[in-house]
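These notes concern the structure reproduced below.
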Amino acid sequence: MTTFDKTAAAPREDADDSPLVEIEGLTKSFDAVRALQGVDMTIRSGQVTALVGDNGAGKSTLVRCLTGVQSADGGVIRFRGRPVRISSPDAARKLGIETVYQDLGLIEDLQVWQNLFLNRELVRGVPPIRVLDKRRMIRQSAEVLKTLDVAVPNVRATVRRMSGGQRQSVAIARAANWGKTLVIMDEPTAALGVRETAAVEKLIGRLRESGVTVLLISHDMAQVMRVADTAWVLRRGRAVAQRDVKQTSGDELVGLITGAVAGDADG
Ligand SMILES: Nc1ncnc2c1ncn2[C@@H]1O[C@H](COP(=O)(O)OP(=O)(O)OP(=O)(O)O)[C@@H](O)[C@H]1O
Ligand SMILES: [Mg+2]
């Protein structure tokens, strides 16, 4: 079994270090719970950025603010340098932001290609005579699965019969098909076995190679060390530290998460 090794991957020539997303002073409360207490963080273009933190640190809340599922109470999100209001999932999609949710959002009784085009079906013909362009959706689905080397039997297989890892791969392929800019994954391998986890990590590597920026939420520090370029540590609603993965260790990240190691933004 091989896992994705980003050090072995050739650096992308068009990779730049410019910030894709800059978050400044983001706040979000649920009644008395201050889930985000002024988060400052940056997601660089073409990188895999890990977002780590203990349970309840605010990771999913931050993601929901980026994907328009919830709106922040305050703060600024800049996308490619411009302030944006991500007020709905549709607004996020228009920016090229796609999310793989923890529950995946796949329809069990539909086939792979139908899931890939769910709610965004391709049509052909001239109004008022428009029909679903099934052939094109199947062909495009097959291309996406091939490009990402996704191990599912075929595009006509029904999701219900698939393993957890295959489902996860389909959900990621769907995000990759639409999310041309930023793909966000909230604990994509939490429910997977060793082999399936390795396959998903490979897929993350391929997304990165294809120029997609990835934000990965993970509790698995070994995984962060394997696949991410940068890690941001969230603690009690604040981004307390950022580390270049090459210059940190799983132990240091754990210390930053618990507070045993002081973050740069502590105090
Ligand atoms: N819809 C909500 N209503 C009330 N409180 C919420 C809601 N969503 C999140 N919270 C609270 O906000 C805080 C941050 O939660 P969040 O889900 O963002 O944490 P997390 O870092 O994703 O944790 P985990 O690692 O367990 O997934 C927690 O205290 C949580 O209970
Ligand atoms: Mg969460």
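The values are calculated or read from the model by the stated rules, or taken from the named source; none is laboratory data. It should be emphasised that the depicted structure is a prediction, and the values quoted were computed from it without experimental measurement. In this analysis, Cβ positions are derived from the backbone assuming ideal geometry, glycine residues included, and neighbour counts consider all displayed protein chains. Please note that ligands, DNA and RNA were not included when accessible areas were found on the heavy atoms of the full protein model with its side chains. Shrake-Rupley method; radii C 1.70, N 1.55, O 1.52, S 1.80 Å.
Probing with 1.4 Å while keeping every protein chain in the model, the per residue accessible area of region 125-170 equals 66 Å². Candidate cross-link partners of Lys59 among the lysines, defined by an alpha-carbon separation under 16 Å and a same-chain spacing of 8 or more, comprise Lys28.
Diffusion of the chain by Stokes-Einstein, at 25 °C in a medium of 0.890 mPa s and with Rh set to the Kirkwood radius over alpha-carbon pairs, works out to 128 µm²/s.
Modelled spin-label separation between Arg236 and Val84, with each label point placed 7 Å from Cα along the Cα-to-Cβ direction: 3.2 nm. Site pair Val33 and Val123 shows an inter-label distance of 4.1 nm when each label is modelled 7 Å from Cα along Cα→Cβ. With the simple model of a label 7 Å out from the Cα in the direction of the Cβ, Leu110 to Ala191 spans 1.8 nm.
Keeping the other protein chains in place, figure out the carbon and sulfur percent of the accessible area of region 19-258, with a 1.4 Å probe. Taking all protein chains in place, region 19-258 shows 47 percent carbon and sulfur surface. Within straight-line reach of Lys146, meaning a Cα separation under 21 Å, sit the following lysines at least 8 residues removed in sequence or on another chain: Lys6, Lys134, Lys180, Lys202.
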